[in-house]
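First up is the structure itself, then whatever we jot down about it.
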Amino acid sequence: MKPIAVHAANPGPMTGTGNWTWLIPGRVPTLIDAGTGNPAHLQALEDALEGAVLAQVLVTHAHTDHASGGPALASRMPQARFRKMLWPERDAKWPVPYESLTDRQKIEAGDTQLMTVYTPGHAPDHLSFWHEETRTLFCGDLAVKGTTVWIPANLQGDLAAYLASLARVLALEPERLLPAHGPVIDDPERVLRGYIEHRLEREQQILDALGQGDSTPDEIVMHVYRGLRVDLIPMAREGVIAHLVKLEREGRARRDGEQWCRPT
């Protein structure tokens, strides 16, 4: 398997330098993630196909930078099937005829076979795609080298599910991760264990903030993320809420409307 990185040409505040989509050439030409429909991405994909007909698009999850290019791809490459784990209310934003994928499903791709791995947390429909022979995981937004992954509470992000997904991927013992953002991750165990350690540290900081009297997500953000750029505060707030919801489920935090505290 020799996947080709095809840039989605969508740099921005939320996407950094932009997304990678991954083309797996061969008998069943397969694209992982749909990008945003940028004409430069569509042309780069056609160039990478070298005359082959795209057979299918596997979408890791229905966030804008991964799924919104579906209609443009379907229009330009009408033979392609679109496949993902369904999230109906979100999938309807960019309608294509999705075929449902489930956990541990085998998929012919290129000249080989992938298996779906359900990795929720960043999004409720998040799938990764595992290639056993090379121990490679197409990991979507599960991991991004050099930074942490956003868990957006307002888009059904779930921190407990994300930590479980990290543990599940560690159990696969991957040798490399091909992410949707940033460089290839060739030290997966170090990166994923670092994520778990970071989240547990952040959790303790939030518990400490609650113990010192901070009672709203905004107050906790100011306590935990000192000096954070103003434009990043909404993202930090979403992450704090995700932590608080996890702590609430575990009986370690309690809320009353917009106010949060530690249980007495």
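Restricting to DSSP H runs of at least four residues, report the calculated mean residue ellipticity at 222 nm for the chain, -39500 (n - 2.57) per run over all residues, nearest 500 deg cm²/dmol. Don't skip to the answer; put the middle values down first.
Details: 8 runs with 89 residues, N = 264.
For the chain, the value works out to -10000 deg cm²/dmol.
Indicate the gyration tensor shape class of the range 161-217 (rounded, prolate or oblate), computed on the Cα atoms with a ≥ b ≥ c the square roots of the eigenvalues: a/c under 1.5 is rounded; otherwise a/b larger than b/c is prolate and the rest oblate. Prolate. The Cα atoms of the range 1-130 give a gyration tensor whose axes a ≥ b ≥ c have a/c under 1.5, which makes the shape rounded.
Given R₀ = 25 Å, what would the calculated FRET efficiency be for GLU189 paired with GLU108, taking r from the Cβ atoms and rounding to 0.05?
Numbers: r = 29 Å, r/R0 = 1.16.
The value I calculate is 0.30.
When the charge dipole of the range 1-132 is built from unit charges on Cβ atoms (+1 for Lys and Arg, -1 for Asp and Glu) and taken about the Cα centre, the candidate among GLY121, THR102, GLY70 whose Cα reaches farthest toward its positive end is THR102. When +1 charges are put on Lys and Arg Cβ atoms and -1 charges on Asp and Glu Cβ atoms, the dipole computed for the range 164-254 relative to its Cα centre reaches about 160 debye. Given a cut-off of 22 Å, what percent of all Cα-Cα pairs of the range 166-264 lie beyond it? Distances greater than 22 Å cover 42 percent of the Cα pairs. Measuring nothing but how far apart in sequence close Cα pairs (under 8 Å, 6+ apart) lie, relative to its length, the range 28-168 scores a relative contact order of 19 percent.
If I compute solvent accessible area with a 1.4 Å probe over the protein chains, what percent of it on the chain is carbon and sulfur? C and S atoms contribute 53 percent here. Put +1 on the Cβ of each Lys and Arg and -1 on the Cβ of each Asp and Glu in the chain; which of LEU45, GLY194, CYS261 then has its Cα farthest toward the positive end of the dipole? The listed residue farthest towards the positive side: CYS261. Note that the chain presents 45 Å² accessible area per residue, ligands and nucleic acids not counted, probe 1.4 Å.
In this Cβ point-charge picture (+1 for Lys and Arg, -1 for Asp and Glu), the range 14-131 has a dipole of about 200 debye about its Cα centre.
Here's the list of lysines a cross-link from LYS145 could span, going by alpha-carbon distance under 27 Å and ignoring same-chain residues fewer than 8 apart: LYS2, LYS84, LYS246. You can think of it this way: the chain between MET222 and GLN205 has 4.9 nm of extra reach, that is 0.36 nm per residue less the Cα-Cα gap.
This model, with +1 at the C-beta of Lys and Arg and -1 at the C-beta of Asp and Glu, gives the chain a dipole about its Cα centre of some 160 debye. Residues in the range 220-232 carry Karplus couplings, in order, of 5, 4, 5, 6, 8, 10, 4, x, 5, 4, 4, 5, 9 Hz; the curve used is 6.51 cos²θ - 1.76 cosθ + 1.60 with θ = phi - 60°, and Gly or Pro positions show x. Convert 25 °C to kelvin, take the viscosity as 0.890 mPa s, use the Kirkwood radius over C-alpha pairs of the chain as Rh, and evaluate the Stokes-Einstein diffusion coefficient in µm²/s, rounded to a whole number. This corresponds to a translational diffusion coefficient of 128 µm²/s. The peptide list 234-242, 56-64, put in order of mean Cβ contacts within 10 Å with the highest first, becomes 56-64, 234-242.
The values are calculated or read from the model by the stated rules, or taken from the named source; none is laboratory data. This is a predicted model, so every value here is computed, not measured. Ideal geometry is used to build each Cβ from the backbone, glycine not excepted, and the neighbour counts take in all protein chains shown. Areas reflect the complete protein model, heavy atoms only, side chains present, ligands, DNA and RNA absent. Shrake-Rupley method; radii C 1.70, N 1.55, O 1.52, S 1.80 Å.
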